[in-house]
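What follows is a short report on a single structure.
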Amino acid sequence: MEVAIVKYNAGNIFSVESSLRRLGVTPKLTDVPEQLTQADCVLFPGQGEANNAMTYLRQHRLDEVIVSLRQLVLGICIGQQLMCRHSEEGDTDCLGIFDMDVRKFIPKCHDDKIPAMGWNEITDLKTPLFSGIREGDFVYFVHSYHVPLSKHTIATTDYIHPYSAAIHKDNFYATQFHPEKSGRVGETILSNFLDIARNYKK
């Protein structure tokens, strides 16, 4: 099984690579369009700033490649946000795979710290991505912007207000949390994604 990770100017990509290796997969970190389109599945992870990330993707025509992928794709953290239509971070037009806008967290009280950082529970779990995961299991988040709830939401988290911890449309999945930093729960989610990808028909 060929697994590709999108290489672009975003942090934390190598921790995803390490997590996949622990699952017995040796991924290919690449920004070569042909290698991305020919892979059995693609991961689009990262941490960073939306405007800079989109500038890099456009300069290397990776924006066109990502939206055209027909195999299973998993966005992680900023990868999820960049899959949306627009982000308030830098007033950035994104990939538009999900017709949703990414919003900045607005604190409601002194205890509301931004960025949201640490462990939080996920609920309202849908799709086989969460097979073996219990309602209320905890995963790890680090972010200042969030994707609102919508018809595409397949997991919910509540910090300041409820928002999408994960979304899904067609062959595109995405999580705001970091499965590669989420212990057993995150490892199960990554394993589920690989299992779905093995059986996915383009």
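Sort out which residues of the range 1-37 are of a type in the set (V, I, T) and out of contact with any Cys (no Cβ under 6 Å at 6 or more places or on another chain), and write them in order of number. Give the steps one after another, and end with the answer.
Start the filter on the range 1-37 by keeping residues that are of a type in the set (V, I, T), which leaves 3, 5-6, 13, 16, 25-26, 30, 32, 37.
Selection gives I5, V6, I13, V16, V25, T26, T30, V32, T37.
Looking at the range 49-67 only, could you name the residues that are within 22 Å of H168 (Cα to Cα) and free of Cβ contacts under 8 Å to residues at least 60 places away in the same chain? Break it down stepwise before answering.
Taking the range 49-67 and keeping what is within 22 Å of H168 (Cα to Cα), we get 50, 53-54, 57, 62-67.
Once the filter is applied, which keeps residues that are within 22 Å of H168 (Cα to Cα) and free of Cβ contacts under 8 Å to residues at least 60 places away in the same chain, the range 49-67 yields A53, M54, L57, L62, D63, E64, V65, V67.
Restricting to the range 1-27, name every residue that is open to solvent by 50 Å² or more (accessible area, probe 1.4 Å), of a type outside the set (S, T, N, Q) and closer than 16 Å to D63 by Cα.
K7
Condition first: open to solvent by 10 Å² or more (accessible area, probe 1.4 Å), closer than 17 Å to V102 by Cα, in a loop (DSSP other than H, G, I, E, B) and out of contact with any Asp or Glu (no Cβ under 8 Å at 6 or more places or on another chain). Can you find one or more residues in the range 28-49 that meet it?
Checking the range 28-49: at least one residue is open to solvent by 10 Å² or more (accessible area, probe 1.4 Å), closer than 17 Å to V102 by Cα, in a loop (DSSP other than H, G, I, E, B) and out of contact with any Asp or Glu (no Cβ under 8 Å at 6 or more places or on another chain).
If the Cβ limit is 9 Å and pairs must be 6+ apart or interchain, which residue in the range 105-116 that is among the charged types (D, E, K, R) pairs with which residue that is modelled with pLDDT of 85 or more?
What qualifies is K108/I160; K108/H161; D112/F105; D112/I106; D112/Y159; D112/I160.
Would you point out which residue out of Y200, Y173, Y145 is touching a residue at least 40 places away in the same chain (Cβ under 8 Å) and open to solvent by 70 Å² or more (accessible area, probe 1.4 Å)?
Values: Y173 fails: open to solvent by 70 Å² or more (accessible area, probe 1.4 Å); Y145 fails: open to solvent by 70 Å² or more (accessible area, probe 1.4 Å).
The conditions single out Y200.
Could you count how many residues in the range 89-123 are at pLDDT 95 or above, in a loop (DSSP other than H, G, I, E, B) and open to solvent by 80 Å² or more (accessible area, probe 1.4 Å)?
1
The values are calculated or read from the model by the stated rules, or taken from the named source; none is laboratory data. These numbers were taken from a predicted model, which means no experiment stands behind them. Methodologically, a virtual Cβ is constructed for each residue, glycine included, from the backbone with ideal geometry; neighbour enumeration extends over all protein chains shown. Calculation scope for accessible area: heavy atoms of the full protein, side chains included, ligands and nucleic acids excluded. Shrake-Rupley method; radii C 1.70, N 1.55, O 1.52, S 1.80 Å.
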